[in-house]
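Structure, as structure tokens:
Since every read-out is calculated from the coordinates, none of them should be taken as a lab result. What you see is a predicted model; the values in this text were computed from it and never measured. Cβ: placed from backbone, ideal geometry, glycine included. Neighbour counts: every protein chain shown.
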Amino acid sequence: MSLFVCMNPDCQCVENTNLVSKNIGSNDNYPNMHLMDMQGCGDEIIYSGESFLKHPEDILMLCAFCNTGVHHNEFPREKASEESLKLAKISKYNAITPMDHPDGSIVKNENSEWGNADEYRLATPEEMAEYVNKRKQGKSALTKIFGLAASLGIDLPSLTSSNKVDQSPSEKKRKMLFAEYRRQWKQAKKDKDMEKVKRFKSKMDSLK
């Protein structure tokens, strides 16, 4: 599922790329764009009513309502969360699920259900540093994530230094406990045992 945040500053609702043109042609006063038009791959100037909106190469990702004047009703029209807005800022398509984000910058949100608008989140400085340390990607990928970190005010070089101090025994124990609670929490979710889900979620929160 490809989700993004509507670029209309008065809207900023979460939308699915597959639904942006579901009711296209319903109202001529709206842009009525197809997804390729929104992504800057169209071949004509777009108008909203009689007002000029965008050149063919411009990117303008709009939700179904802002595009056609009709909401698709496949899911509620809801404003993007602060976390989603952070993800959208590092994607030229305002995406909040993996699309053009720099490798290592976006991670699964363990506290979210599949398909939820907050299924992904911006990686923490530590997670970005871990990605860089693994060096599994090419130079261009690392350049992108270092650039992203710099724009966010994250000092990755210091976090990825070979002189990094080892974790204390108590910190190692905390992380091991957290990992075990998360494993049991995920299993409880699969088993649909809500009592255990709440219990292990509480234990995880106490270790953050």
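Between Y120 and N109, the built amide H atoms are under 5 Å apart, and every one of these is 5 or more places off in sequence or on another chain.
Please compute the length gained on full extension between S26 and D193, using 0.36 nm multiplied by the number of residues separating them and subtracting their Cα-Cα distance.
Numbers: separation 167, 0.36 × 167 = 60.12 nm, distance 4.49 nm.
Value of the extension gain: 55.6 nm.
Of interest is the spacing of the C-alpha centroids, which for region 1-71 and region 172-206 amounts to 41 Å.
Would you order M99, M204 from fewest to most other beta-carbon atoms within 10 Å of each residue's own beta-carbon?
Values: M99 16, M204 19.
Arranged by neighbour count, lowest to highest, M99, M204 become M99, M204.
Computed from backbone phi with θ = phi - 60° and the Karplus coefficients 6.51, -1.76 and 1.60, the 3J(HN,Hα) list for region 73-79 is 6, 6, 7, x, 7, 10, 5 Hz; x is used for glycine and proline.
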